[in-house]
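For reference, the structure is listed below as C-alpha cells.
The values are calculated or read from the model by the stated rules, or taken from the named source; none is laboratory data. Just so we're clear, the structure is a prediction, and the values are computed from it rather than from any experiment. Cβ coordinates were reconstructed from backbone atoms using ideal geometry, including for glycine residues, and neighbour counts include every protein chain displayed.
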C-alpha cells in the first residue's frame, strides 16, 4: 500500500505516536507499505514554526530529516503536475496544503 501522510498525521507520528489510532500505527508500521511525506508538509511545518504555533525544540531541518528517517518515510517533491492537478479538485476545503496533498496523492495513485 502507498500512503501520503498529512501534516497532522506526520507530527503525531513524530511527536505523540500514542495519539494515532491503532489502525494508523499498524499501517505505518507495516514494512511493505510505502509511506510518503510531501515537501508541502515541510513547508507547512516551517510556517507553523516561524509564526510561533509550533515548537520543535530542535532546528527544523534536523527535525524533518531525523523524523522522516526514523519513521521510514519517502520524501515526495512537489512538481508541476502536482501543482496543476489542484485545478481539478472540488472545493471541499480551502487549505492550500491539503489541496496540494490530495493532488499529489491522486497524481501518484
Positions within region 1-19 being over 9 Å from the mean Cα position of the chain (by Cα) and either in a strand (DSSP E or B) or surrounded by fewer than 16 Cβ atoms within 10 Å (Cβ to Cβ) (or both), in sequence order: 1, 2, 3, 15, 16, 17, 18, 19
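Please tell me if residue 56 is touching a helix residue (DSSP H, G or I) at 6+ places or on another chain (Cβ under 9 Å), buried (at least 16 other Cβ atoms within 10 Å of the Cβ), touching a residue at least 12 places away in the same chain (Cβ under 8 Å) and not in a helix (DSSP H, G or I).
Working: touching a helix residue (DSSP H, G or I) at 6+ places or on another chain (Cβ under 9 Å): yes; buried (at least 16 other Cβ atoms within 10 Å of the Cβ): yes; touching a residue at least 12 places away in the same chain (Cβ under 8 Å): no; not in a helix (DSSP H, G or I): yes.
Criteria not met by residue 56.
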Report yes if residue 67 is part of a helix (DSSP H, G or I) and over 13 Å from the mean Cα position of the chain (by Cα), otherwise no. no
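Among the candidates 29, 72, single out the residue that is farther than 25 Å from residue 99 by Cβ and either crowded, with 18+ Cβ neighbours inside 10 Å or under 14 Å from the mean Cα position of the chain (by Cα) (or both). Before the answer, list the steps.
Numbers: 29 fails: either crowded, with 18+ Cβ neighbours inside 10 Å or under 14 Å from the mean Cα position of the chain (by Cα) (or both).
After applying the criteria, what remains is 72.
Out of everything in region 75-97 that is assigned to a loop (DSSP other than H, G, I, E, B) and surrounded by 10 or more Cβ atoms within 10 Å (Cβ to Cβ), what residue ends up being modelled with the highest pLDDT?
Filtering region 75-97 down to residues assigned to a loop (DSSP other than H, G, I, E, B) leaves 77-79, 89-95.
Add one more test, that the residue is surrounded by 10 or more Cβ atoms within 10 Å (Cβ to Cβ), and what stays is 78-79, 89, 93, 95.
Values: 78: 88, 79: 81, 89: 81, 93: 76, 95: 84.
In this case the residue turns out to be 78.
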When you check residue 24 against the structure, is it assigned to a helix (DSSP H, G or I), on the phi < 0 side of the Ramachandran plot, over 10 Å from the mean Cα position of the chain (by Cα) and surrounded by 13 or more Cβ atoms within 10 Å (Cβ to Cβ), yes or no? yes
Given (1) crowded, with 16+ Cβ neighbours inside 10 Å; (2) more than 17 Å from residue 65 (Cβ to Cβ); (3) touching a strand residue (DSSP E or B) at 6+ places or on another chain (Cβ under 9 Å), identify the lone condition not met by residue 34. (1)
